[in-house]
1. Please go through (1) modelled with pLDDT of 95 or more; (2) open to solvent by less than 30 Å² (accessible area, probe 1.4 Å); (3) in a helix (DSSP H, G or I); (4) within 22 Å of Gln79 (Cβ to Cβ) for Ala167 and return the number of the only condition it doesn't satisfy.
2. Return the pairs, sorted by first residue and then second, in which the second residue is open to solvent by less than 30 Å² (accessible area, probe 1.4 Å) and part of a helix (DSSP H, G or I), the first residue lies in the range 8-22 and is over 24 Å from Ser41 (Cα atoms), the beta carbons are less than 7 Å apart, and the residues are 6+ apart or on different chains.
3. Counting just the residues of the range 97-133 that are in a strand (DSSP E or B) and in contact with an Asp or Glu (Cβ under 8 Å, 6 or more places away or on another chain), which one comes out surrounded by the fewest Cβ atoms within 10 Å (Cβ to Cβ)?
4. I'd like the residue in the range 134-164 that is of a type in the set (Ser, Thr, Tyr) and crowded, with 16+ Cβ neighbours inside 10 Å and, out of all such residues, is nearest to Gly42 (Cα to Cα).
5. Please work out if Val73 is under 17 Å from Tyr135 (Cβ atoms), of a type in the set (Val, Ile, Thr) and out of contact with any Phe, Trp or Tyr (no Cβ under 8 Å at 6 or more places or on another chain).
Amino acid sequence: MSLEFRVAGVADAEQIAALVNSAYRPTTQDAGWTHEARLVSGDRITTEQVLALFDQQSAILLLCFESKIVACVHVQGDQPGAAYIGMLATDPKLQTQGLGKQMLRHAEAYATAHFAAMTLNMTVLSSRPELLAFYERRGYALTGEVKEYPLSAEIGRPLAPDIHLLALVKTSPKALASGL
């Protein structure tokens, strides 16, 4: 499979929203291991919300097979020396082939190169121990910070009252190399 990384443009917004929704909130027959459809109802993101992510301190990175987007991730220059990584999604039919790992490594390298990130931040649903384990195996650690589910962000509604966001952090490879 010949894959290509690239930075998304506005013209990709609709395809990105479709990919993210199929990865996070698919119909039962299309579900990959990363879905949260039994935990949260509604779309994960709309095309308009994707379009709002295009700004100077933000990028959506894509992994494409021919002209089809098969994975994506959002990288936000959070604050000086830090970046937020989110919305990591892989086509459910291609999950377990290492594309998510490749996309995450690409996002970390991008955050380090373009936002001078020394720390990488993300959040994971508290009801997703398998996803938390995935990130921990890649060097992320829980910070102890627990956030309420962001109902006002219009990214779906929790189906259980005890769903929260857990904050994770990783020191970037650049910081490790410099001994920080």
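1. Exception for Ala167: condition (3).
2. These pairs meet every condition: Ala8/Ile16.
3. Out of the qualifying residues, it is Leu125.
4. Looking at residues that are of a type in the set (Ser, Thr, Tyr) and crowded, with 16+ Cβ neighbours inside 10 Å, I get Tyr149.
5. So Val73 passes the test.
The values are calculated or read from the model by the stated rules, or taken from the named source; none is laboratory data. Every value quoted in this text rests on a predicted model; they were computed, and no experiment measured them. Backbone-built Cβ (ideal geometry, glycine too); neighbour counts: all protein chains shown. Side chains are part of the model used for accessible areas, which takes the heavy atoms of the whole protein and leaves out ligands, DNA and RNA. Shrake-Rupley method; radii C 1.70, N 1.55, O 1.52, S 1.80 Å.
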